[in-house]
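Enquirer: Starting off with a structure, shown below.
The values are calculated or read from the model by the stated rules, or taken from the named source; none is laboratory data. No experiment lies behind these values; they were computed from the predicted model shown. Note that we place each Cβ from the backbone using ideal geometry, even for glycine, and neighbour counts take in every protein chain shown. The protein model used for the area step is the full one, side chains on, heavy atoms only, and it has no ligands, DNA or RNA in it. Shrake-Rupley method; radii C 1.70, N 1.55, O 1.52, S 1.80 Å.
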Amino acid sequence: MLEFAEAPYINRKTFFVEVILPLAISKNYTYRVPFELNDAVAPGKRVVVQFGKSKLYTAVIAAITEQAPEKYEAKYLLDILDERPVVTTRQLQFWKWLAEYYMCNEGEVMNAALPSALKLASETKIVLNKGFEYDKAALNDKEFLIVEALDIQPELTVSDIAKLLGQKTVMPILNLLFEKNIINISEEVSDKYKPRKRTFLTLNPVYQGQDSLKELFGILEKRAPKQADAVLAYIKLARHQKTISKNELIEESGAGAASIASLIEKEIFIAEEKNVSRLYFEDEDIFSKFELSAQQQDALTHIKQQFEQKDVVLLHGVTSSGKTQIYIRLIEEMIAQGKQVLYLLPEIALTTHIIERLRQYFGASIGVYHSRFNDNERVEVWQKVLNNEYKVVLGARSSVFLPFADLGLIIVDEEHETSYKQFDPAPRYNARDAAIFLANMHEGKVLLGSATPSFESYFNARTHKYGFAELTERYGGVELPTIEVVSIAEETKKKTIQSHFTSVLMLDIQQALTNKEQVILFQNRRGYAPVLLCKICAYTPKCINCDVSLTYHKHSGKLHCHYCGYKEDTPAICPACGSTHLEYKGFGTEKVEDELSLILPEARITRMDLDTTRSRNSLQNILNDLEEKKIDILVGTQMVAKGLDFADVTVIGIINADSLLKFPDYRANERSYQMLAQVSGRAGRRGKQGKVVIQTYDPGHRVIKQVIENDYRDLYFTEMEERKSFHYPPFYRIINLDIKHKNPEILHNQATYLGTELRKHFGEARVMGPQVPLVSRIRNYYIQSIMLKFEKDGISINKVKATIRDVITQFQTTKLSKGSVVQPDVDPY
């Protein structure tokens, strides 16, 4: 009698999955599950699906149902990529909340949330990971074919690879190659965080006795006096500090690097390389074995007490007051409870010293997540957070999307920063506000920290929605810098101003250089000159794609558009009237650097702005040079206001404060105060009191006086009166609608139609516009804006958003909407 093998059991129940596609479509799409995959589907797993005629996408399962879609026949999903979900149920809920709150689609949230390697599509371009060594013999036939093809042709799309292998879906194979680190997404540039190393010296124990040391000096003074100076300098430094670096010894002794190298070679000094902070190392002991000051301890106790009743606490501490040390104590407590911590920073590249400080404490349990990592590295961090291997994650705004298992605390450092707000593309979320919702989902707590809190957060603290704690003194009793305001008009009249530098600022710069101290100069505009003007006919070159004048950049010799990247050669003759009388108006960081180098030719001057920090590691190199005192004067844009912490910066110069104060925006005074106070806070952070010079045409301006007096409360109360009167946050909610079209006349009709429809629902008082913004055309799209204001009490914001969505959807069904783009921005910042 023949025996047949028992066929494997297949669940023949009919299932459908609702998936999130990485596309801006308003509804999630439903696919049928093949019988053989029934037991493998689960929410949060990635699947390969066909959408449209032939395109393949990686989608995420949002829900499983037995209900077929009514309006269309469901296609079969093609494959499942994961053995276990890569997106948690909480994350799916978080994505849904973000899409609803910020009026976008879940696909747009998915695009922002997932690293590119987790959402391959037909047109995704693949390249080999050149820096990775692997054994080709260990590859299977299909993997080998892909690698061989990429050796010949450096870049292939997923569609190309599918044709090469002769099969429809290749996502699982590519997924394995990603996991093996053999391939990358082509647009990703590797810029892995590398800890900075520094050489430290110790005197050989053989020479630490009096007699042996005396004998050593006797020999060196005759044969190598410079080396004797170095040993003498070492003994002098060793009396006051535990560790002595090679650079410190060179500076203190006046001996060259060759003399130190000889002493190391003779084994008089023992050299040891150590990882150190990228920004400063002198005070590392503060962060390895520190004790909180009485004020810090009070603040910490107060924060913990308030966490018993409040989910969010605002810590208002002056610059350099030691907020980081309080954060560390709270993180220690969370780790002891087995919970995860998310530490959000506005600019990850400018705060790399925080990474080192925290790694001294938490070692391998701390992960870093930001856009400078390549895609494989981001996937690795994603997986480690998912597996609960990282207890602390330090990152920029995108870190809120990581798959946390048990989040106990979120720290939002410098919570006022605009960098937390995503402007383009959707979702236009604020990471600070999203973090509060995320922590609530995990039943965790949020600590907001800032020296200049946003008015919304301060308002919430004053109305007892948030808890509140305060640090009014700098750590170690260091005094806040003195601030001097200088009138540009007055100095121009007296003819004491040199180029853009007043006599007061020049005197302070020269004094700092004499004392071997460092200077930071702040000018919030990059480039050489913002406007090129014909003196005869007033012609100004403009961008061909945007409604802005072009900025002259001396390093390239071209005129640049800062919105779309367009460049053109600088004309020698006016294209309008033929005149040769062209002149540059205004000035940016490039011109400040250029003219200062003529006035102070001996000074080592460096510029830090978007133009000088584009290339790999360029920002770290500038910061390293500043810390090693290879830079005397740093000229920069707002980048210099965020996170810089140096021992020898004693003078800050704000070249023109008026560019901040005169901006037509209801937040202008708040932002000006924040920027001026934060820039000023870079001075005198290590023992010696700093000096800040503010140059302005309006020395009596209210905000400048409030900065001098460090009077945040006065600024807050004054601004609150105006905001209440004119219906602005925090008393009202704002939703902006930007309507875009390539034809300005059609755009006018579209915007007018939308404005009329919105007024029908919300009335005249709540709808402002449409109006043309300051920059009315970007990338060939003309723009008109509608601002909607809603009181916080007595109206359901969810119903308001639903109505706005309905109005936009109804508009998009009309012929009038053809070619238009409508972008909602909730809580614009």
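Enquirer: Is it true that some residue in region 567-585 is on the phi > 0 side of the Ramachandran plot and surrounded by 15 or more Cβ atoms within 10 Å (Cβ to Cβ)?
Expert: No.
Enquirer: A further question on this structure: Is it fair to say residue 423 is open to solvent by 20 Å² or more (accessible area, probe 1.4 Å), in a helix (DSSP H, G or I) and among the aromatic types (Phe, Trp, Tyr)? Working first, answer last.
Expert: Numbers: open to solvent by 20 Å² or more (accessible area, probe 1.4 Å): yes; in a helix (DSSP H, G or I): no; among the aromatic types (Phe, Trp, Tyr): yes.
Against the criterion (open to solvent by 20 Å² or more (accessible area, probe 1.4 Å), in a helix (DSSP H, G or I) and among the aromatic types (Phe, Trp, Tyr)), residue 423 does not qualify.
Enquirer: So, of the residues in region 301-349 that are of a type in the set (Phe, Trp, Tyr) and open to solvent by less than 20 Å² (accessible area, probe 1.4 Å), which turns out to be modelled with the highest pLDDT? Quick ask: steps written out before the conclusion?
Expert: Looking only at region 301-349, we keep the residues that are of a type in the set (Phe, Trp, Tyr), and these are 307, 327, 343.
From what's left, open to solvent by less than 20 Å² (accessible area, probe 1.4 Å): 327, 343.
Working: 327: 91, 343: 94.
Restricting to residues being of a type in the set (Phe, Trp, Tyr) and open to solvent by less than 20 Å² (accessible area, probe 1.4 Å), the top hit is 343.
Enquirer: Another question, then. Can you tell me which residue within region 540-569, out of those that are of a type in the set (D, E, K, R) and part of a loop (DSSP other than H, G, I, E, B), is farthest from residue 780 (Cα to Cα)? Don't jump to the end; show me each part of the working.
Expert: Looking only at region 540-569, we keep the residues that are of a type in the set (D, E, K, R), and these are 542, 547, 554, 558, 567-569.
Going one step further and asking which of them are part of a loop (DSSP other than H, G, I, E, B), we end up with 547, 554.
Numbers: 547: 9, 554: 26 Å.
By that ranking, first place goes to 554.
Enquirer: Please indicate, with yes or no, whether at least one residue in region 130-139 is under 25 Å from the mean Cα position of the chain (by Cα), surrounded by 17 or more Cβ atoms within 10 Å (Cβ to Cβ), over 14 Å from residue 434 (Cβ atoms) and not aromatic (Phe, Trp, Tyr).
Expert: Narrowing region 130-139 to residues under 25 Å from the mean Cα position of the chain (by Cα): none.
No: region 130-139 contains no residue that is under 25 Å from the mean Cα position of the chain (by Cα), surrounded by 17 or more Cβ atoms within 10 Å (Cβ to Cβ), over 14 Å from residue 434 (Cβ atoms) and not aromatic (Phe, Trp, Tyr).
Residue-by-condition table, conditions (1) surrounded by fewer than 17 Cβ atoms within 10 Å (Cβ to Cβ); (2) of a type outside the set (Ser, Thr, Tyr); (3) touching a strand residue (DSSP E or B) at 6+ places or on another chain (Cβ under 7 Å):
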| residue | (1), (2), (3) |
| --- | --- |
| 35 | yes, yes, no |
| 45 | no, yes, yes |
| 58 | no, no, yes |
| 70 | yes, yes, no |
| 74 | yes, yes, yes |
| 79 | no, yes, yes |
| 98 | no, yes, no |
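Enquirer: Working carefully through the options 640, 635, find the one that is in contact with an Asp or Glu (Cβ under 8 Å, 6 or more places away or on another chain), outside any loop (DSSP other than H, G, I, E, B), open to solvent by less than 20 Å² (accessible area, probe 1.4 Å) and not charged (D, E, K, R).
Expert: 635
Enquirer: Look at residue 695 and say whether it is on the phi < 0 side of the Ramachandran plot, open to solvent by less than 50 Å² (accessible area, probe 1.4 Å) and among the polar types (S, T, N, Q).
Expert: Yes: the conditions hold for residue 695.
Enquirer: Continuing with the same structure: Residue 431 is checked against (1) in contact with a Lys or Arg (Cβ under 6 Å, 6 or more places away or on another chain); (2) open to solvent by less than 20 Å² (accessible area, probe 1.4 Å); (3) more than 25 Å from residue 320 (Cα to Cα) and fails just one. What number does that condition carry?
Expert: (3)
Enquirer: Taking into account only those residues within region 444-474 that are of a type in the set (Ser, Thr, Tyr), in a loop (DSSP other than H, G, I, E, B) and touching a helix residue (DSSP H, G or I) at 6+ places or on another chain (Cβ under 8 Å), which is most open to solvent (accessible area, probe 1.4 Å)?
Expert: 472
Enquirer: Additional query: Given the structure, is residue 667 under 22 Å from residue 346 (Cα atoms) and at pLDDT 90 or above?
Expert: Working: under 22 Å from residue 346 (Cα atoms): yes; at pLDDT 90 or above: yes.
Judged against the criteria, residue 667 is a match.
Enquirer: Further, regarding this structure: Would you check which residues across region 17-31 are at pLDDT below 95 and either of a type in the set (Phe, Trp, Tyr) or open to solvent by 60 Å² or more (accessible area, probe 1.4 Å) (or both) and list them?
Expert: 24, 26, 27, 29
Enquirer: Scan region 220-247 residue by residue and report those that are part of a helix (DSSP H, G or I), in contact with a helix residue (DSSP H, G or I) (Cβ under 7 Å, 6 or more places away or on another chain), open to solvent by less than 50 Å² (accessible area, probe 1.4 Å) and of a type outside the set (S, T, N, Q).
Expert: 220, 228, 230, 231, 233, 234, 237
Enquirer: Tell me the residue from 102, 76 that is of a type outside the set (D, E, K, R) and modelled with pLDDT under 95, please.
Expert: 76
Enquirer: Criterion first (touching a Phe, Trp or Tyr at 6+ places or on another chain (Cβ under 7 Å), open to solvent by 10 Å² or more (accessible area, probe 1.4 Å) and not hydrophobic (A, V, I, L, M, F, W, C)) does residue 53 satisfy it?
Expert: Against the criterion (touching a Phe, Trp or Tyr at 6+ places or on another chain (Cβ under 7 Å), open to solvent by 10 Å² or more (accessible area, probe 1.4 Å) and not hydrophobic (A, V, I, L, M, F, W, C)), residue 53 does not qualify.
Enquirer: Same structure again: Filter region 475-501 down to the residues that are in a loop (DSSP other than H, G, I, E, B) and of a type in the set (D, E, K, R), then identify the one that is modelled with the highest pLDDT.
Expert: 495
Enquirer: Okay, next question. Considering only residues of region 588-607 that are part of a loop (DSSP other than H, G, I, E, B) and open to solvent by less than 30 Å² (accessible area, probe 1.4 Å), which is farthest from residue 655 (Cα to Cα)?
Expert: Only one residue fits best here, namely 603.
Enquirer: Cβ-Cβ under 7 Å, sequence separation 6+ or interchain: first residue in region 624-652 and among the charged types (D, E, K, R), partner modelled with pLDDT under 75. Which pairs?
Expert: Between residues of region 624-652 that are among the charged types (D, E, K, R) and residues that are modelled with pLDDT under 75, the close pairs are 627/279; 627/280; 627/646; 642/350; 645/279; 645/280; 645/353; 645/685.
Enquirer: While we're looking at this one, here's another question. Has region 761-770 got any residue that is within 30 Å of residue 458 (Cβ to Cβ) and in contact (Cβ under 8 Å) with a residue 40 or more places away in the chain?
Expert: Initial filter on region 761-770 (within 30 Å of residue 458 (Cβ to Cβ)): 762, 765-769.
Subset that is in contact (Cβ under 8 Å) with a residue 40 or more places away in the chain: 762.
Looking for residues that are within 30 Å of residue 458 (Cβ to Cβ) and in contact (Cβ under 8 Å) with a residue 40 or more places away in the chain, one finds at least one in region 761-770, hence yes.
Enquirer: Could you list, in sequence order, the residues of region 255-283 that are touching a strand residue (DSSP E or B) at 6+ places or on another chain (Cβ under 7 Å), charged (D, E, K, R) and modelled with pLDDT under 85?
Expert: Of everything in region 255-283, those that are touching a strand residue (DSSP E or B) at 6+ places or on another chain (Cβ under 7 Å), charged (D, E, K, R) and modelled with pLDDT under 85 turn out to be 273, 274, 278.
Enquirer: Let me ask something else. Every residue in region 140-155 that is among the charged types (D, E, K, R) and either under 30 Å from residue 102 (Cα atoms) or open to solvent by less than 40 Å² (accessible area, probe 1.4 Å) (or both), please.
Expert: 143
Enquirer: Just one of the numbered conditions (1) within 16 Å of the chain's Cα centre (by Cα); (2) farther than 24 Å from residue 732 by Cα is not true of residue 429; which one?
Expert: Result: residue 429 passes all but (2).
Enquirer: Something else about it: So, residue 51, is that one among the hydrophobic types (A, V, I, L, M, F, W, C) and without any contact (Cβ under 8 Å) to a residue 12 or more places away in the chain or not?
Expert: No: the conditions fail for residue 51.
Enquirer: I would also like to ask the following. Out of (1) in contact with a helix residue (DSSP H, G or I) (Cβ under 9 Å, 6 or more places away or on another chain); (2) in contact (Cβ under 8 Å) with a residue 40 or more places away in the chain; (3) among the β-branched types (Val, Ile, Thr), what's the single condition that is false for residue 496?
Expert: (2)
Enquirer: What are the pairs with Cβ atoms under 9 angstrom where one residue, in region 376-394, is over 14 Å from residue 342 (Cβ atoms) and open to solvent by 20 Å² or more (accessible area, probe 1.4 Å) and the other, located anywhere, is of a type in the set (Lys, Arg) and modelled with pLDDT under 90? Sequence gap at least six, or different chains.
Expert: 377/192
Enquirer: Exactly one of these conditions fails for residue 560: (1) modelled with pLDDT under 90; (2) surrounded by 13 or more Cβ atoms within 10 Å (Cβ to Cβ). Give me its number.
Expert: Here residue 560 clears every test but (1).
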